[in-house]
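Here the structure is laid out as structure tokens; the discussion comes afterwards.
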Amino acid sequence: QVQLVESGGGLVQAGGSLRLSCAASGSIFSINAMGWYRQAPGKQRELVASITSGGSTNYADSVKGRFTISRGNAKNTVDLQMNSLKPEDTAVYSCVSHMAPVGSSHFNDYWGQGTQVTVST
């Protein structure tokens, strides 16, 4: 069984920074991409940033220049450095990993439980 565990959410003032981390564990055969989504109250879930196993990154326009996604030293981890945070960044942030477990060639999306990020004015 594979699972993702997130950490690093919390409350921060506008202009501040937070770093989210996510680690995938279990019997993992291969990971080809990891990323972060967020969902604010009353809004649809949106992609914040993603990174492939080759290091290619993709960002939502709203976070470009402020957020940086990176893979950890352990290839089953991903971090999201969030700088210059704004109140509109307030949301539940969820980690996702597109991976195949040991014994399977099928890649699926696996999700973490989500972590709350609140940016106050």
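The values are calculated or read from the model by the stated rules, or taken from the named source; none is laboratory data. Bear in mind that the values here come from a model prediction, so they are computed numbers and not experimental data. In this analysis, Cβ positions are derived from the backbone assuming ideal geometry, glycine residues included, and neighbour counts consider all displayed protein chains. We work out accessible area using only protein heavy atoms, side chains counted, and drop any ligands, DNA or RNA first. Shrake-Rupley method; radii C 1.70, N 1.55, O 1.52, S 1.80 Å.
Mind checking the per residue accessible area of the chain for me, 1.4 Å probe, whole number of Å²?
With all protein chains present, the chain gives 53 Å² per residue.
For the chain, give the share of DSSP beta bridges that are antiparallel, in percent and rounded to the nearest 5; count only bridges with both residues there.
Values: 42 of 46 bridges.
Roughly 90 percent of the beta bridges in the chain run antiparallel, per DSSP.
Which of the lysines could be linked to residue 75 by a straight reach, that is with a Cα gap under 20 Å, when you skip same-chain ones fewer than 8 residues away?
Partners within reach: none.
How large, in percent, is the carbon and sulfur part of the accessible surface of the chain at a probe radius of 1.4 Å?
Carbon with sulfur: 47 percent of the solvent-accessible area.
Provide the FRET efficiency to the nearest 0.05 for the residue 14-residue 68 pair, computing r from the beta carbons and using R0 = 22 Å.
0.75
Counting alpha carbon pairs within less than 8 Å and at least 6 residues apart, what relative contact order, in whole percent, applies to segment 1-83?
Contact order relative to length: 29 percent.
Can you compute the charge dipole magnitude of the chain about its Cα centre, using +1 on each Lys and Arg Cβ and -1 on each Asp and Glu Cβ, nothing else charged? Give it in debye, rounded to the nearest 20.
120
Only residues of segment 4-47 count here: report those whose backbone N is under 12 Å from the spot 7 Å along Cα→Cβ of residue 86, or say none.
Counting backbone N atoms under 12 Å from the label point, the list is 15.
So how far apart, in nm, are the two label points at residue 60 and residue 102 if each is 7 Å from Cα heading toward Cβ?
3.6
Order the peptides 87-100, 53-66, 4-17, 21-34 from the highest to the lowest mean number of other Cβ atoms within 10 Å of their residues.
Result, highest mean Cβ count within 10 Å first: 87-100, 21-34, 4-17, 53-66.
Identify, among 12, 103, 33, the residue whose Cα sits farthest towards the positive end of the charge dipole of the chain, taking +1 on the Cβ of Lys and Arg and -1 on the Cβ of Asp and Glu, with the dipole about the Cα centre.
Of the options given, the answer is 12.
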